[in-house]
Amino acid sequence: MTHVDALIDLSLADLSRADLYPPSRCRVSRWVKEMPAKMVTLLIMGDIYRKRVKEGGDLPQMNLPLAHLPQVSLSQVNLPQVSLPQMNLPQVSLPQINLPQVNLPMIGLPLTLIAVAAVAPTVWLAGSSEGNTQLAPQVLPVETMALEGESSYEVSRTYSGEIVARRSSDLGFELAGTVIDLLVEEGDTVAAGASLAVLDTRDLLAQRQQLEAQRRQLQAQLQELEVGPRQEDIAVAEAAVSDLSNQLELAQLQAARRAALYEKGAISREEFDERQFGANAIADRLQQARSRLEELLNGTRQEQISAQLAQIDQIDARIDAVDISISKSVLYAPFSGTVAERTIDEGTVAGSGQKVMRLVENGILEARIGVPEELAQQLRVGSRQSVMVGRRTYSAKVTARLPEVDEASQTVTMVLEIDDSSFSNEQSIGATARLQVNERQAEEGYWLPNTALVASDRGLWSVYVLSEQTDNGGAFQVARRDVEVLYSEGDRAFVRGLVQSGDVAIVNGTHRVVPGQLVKPENLSSPGS
């Protein structure tokens, strides 16, 4: 009897003892023949041992060709880690079904099936080889990189600011008045010195005419003083002197006669005094007439001419003030630019200093960006930096560093001049400007690709490195090292931790390896590659 026939008989006997309807011998024969020969032998041995144990007999010692089976270590089998997505399945409530309790006798068939399941992997592994060769552990090829230490790393930071015109002014009239004409509209481009708006100047023109009349009067008086007295005036003065001289002579003769009569007692003292004082009064009038005549003969004094000239200068100054007011009644463009805003219309009474329109300079635009005070000390005036506006990056020159620190943001404003000829046509005033600066951080660490990082506990990260080499064809064991990510840039990160220069890290396929697993470096790349 062959092993196959023996196993068929054992299976039919087990089914018969279980009081079950046994399958045909043909079907059982097909089941058994599909098994490997070595497995059939083991099943027969298992059944014999089972019967001997049940009967209490001694177990036979059998030398079978399968006595030396390969030892398989499950820990050396590299199984891929499969991450299954979480599926939300609907909860279905099934009604409770009361099934009748059936007492089935213990049968021998499950023992046979258990024996098959227990030895199937071993027999299959043994059957895959012609001899008694032990299975070699699987070595996984991985991509690696040698770590190189760095003493520092650069951090790319961005600071925001605003695009402004180099010059911009809120224009208004210095004097109050009624706006009678606006010569520009919003968006108009004007040249330096162009007229923008005009005030009503009729009252100023009237004041100027009045002052001009006063000046002409003073000028005529000056000419009269410079020419001197007329001959007619001199003749009148001379006649007055001659008349007073004659009157004085007559008065003196009458006073002398009154004195002789007074001595003889012919007249009273009062009559004598009247004649005497009358003669003295005429003498004083004669002296005054002679002084007036002398003044006319000497001409106009220089002091009078100087005083008259001063009055004329005063009038001239008042006329100039009115002219200035008239000129200030016209609003001029202080520089070439574009009218960005107009706040009033014709007929509005504008106050002194009231905003009428806003003018921004054309041409070169500036970016004003606030940066920390430490960085402001590093940005030298005259150095060139990169400024991003919208989606384009422009080269800009640092022109100034404002001396004051902004109280709200605690930043220092840097002024950068964007001298690109196309910039003013492509960008608008008020757009957001971003200054891109690389700052060097003095921290020791290592650059690694992001694919080399493995999530760890409490938000930390780990790296798989090659530990010690084995004798298995240049394979290495995998070790886990905890690291801290200091800075991330694109597809790489700067880390520090339980790694050192020269360590070889696994940079790809970290989800397929576990600590202690055997791997073999497929290639060795540098941090910069």
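The values are calculated or read from the model by the stated rules, or taken from the named source; none is laboratory data. Here the structure is a predicted model, which means the values were calculated and not measured. We place every Cβ from the backbone using ideal geometry, glycine too, and count neighbours over all the protein chains shown.
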Number of positions in the range 391-404 that are in contact (Cβ under 8 Å) with a residue 12 or more places away in the chain and out of contact with any strand residue (DSSP E or B) (no Cβ under 8 Å at 6 or more places or on another chain): 1
I'm told A192 meets every condition in (1) touching a strand residue (DSSP E or B) at 6+ places or on another chain (Cβ under 8 Å); (2) in a loop (DSSP other than H, G, I, E, B) except one. Can you identify the failing condition by its number? (1)
In the set R215, R257, R208, which member is of a type in the set (K, R), more than 30 Å from A350 (Cβ to Cβ) and in contact with an Asp or Glu (Cβ under 8 Å, 6 or more places away or on another chain)? R215
A251 being surrounded by fewer than 15 Cβ atoms within 10 Å (Cβ to Cβ), among the hydrophobic types (A, V, I, L, M, F, W, C) and in the same structural domain as E271 (by TED's automatic domain parsing): no
Can you list the strands (runs of 3 or more DSSP E) lying wholly within the range 366-462 that have 1 or more residues being over 21 Å from E154 (Cβ atoms) and basic (K, R)? 392-405
Residue under question is A493, and the condition is that it be outside the structural domain of A400 (by TED's automatic domain parsing) and closer than 27 Å to S386 by Cβ; does it hold? yes
So A431 ticks every box in (1) among the hydrophobic types (A, V, I, L, M, F, W, C); (2) in contact (Cβ under 8 Å) with a residue 60 or more places away in the chain; (3) more than 20 Å from G363 (Cα to Cα); (4) surrounded by fewer than 16 Cβ atoms within 10 Å (Cβ to Cβ) but one. Which box is left unticked? (3)
Can you tell which of I364, I324, I319, I369 is modelled with pLDDT of 90 or more and in contact with a Lys or Arg (Cβ under 7 Å, 6 or more places away or on another chain)? I319
Collect the residues in the range 297-351 that are touching an Asp or Glu at 6+ places or on another chain (Cβ under 6 Å) and closer than 19 Å to T178 by Cα, keeping them in residue-number order. K328, R342
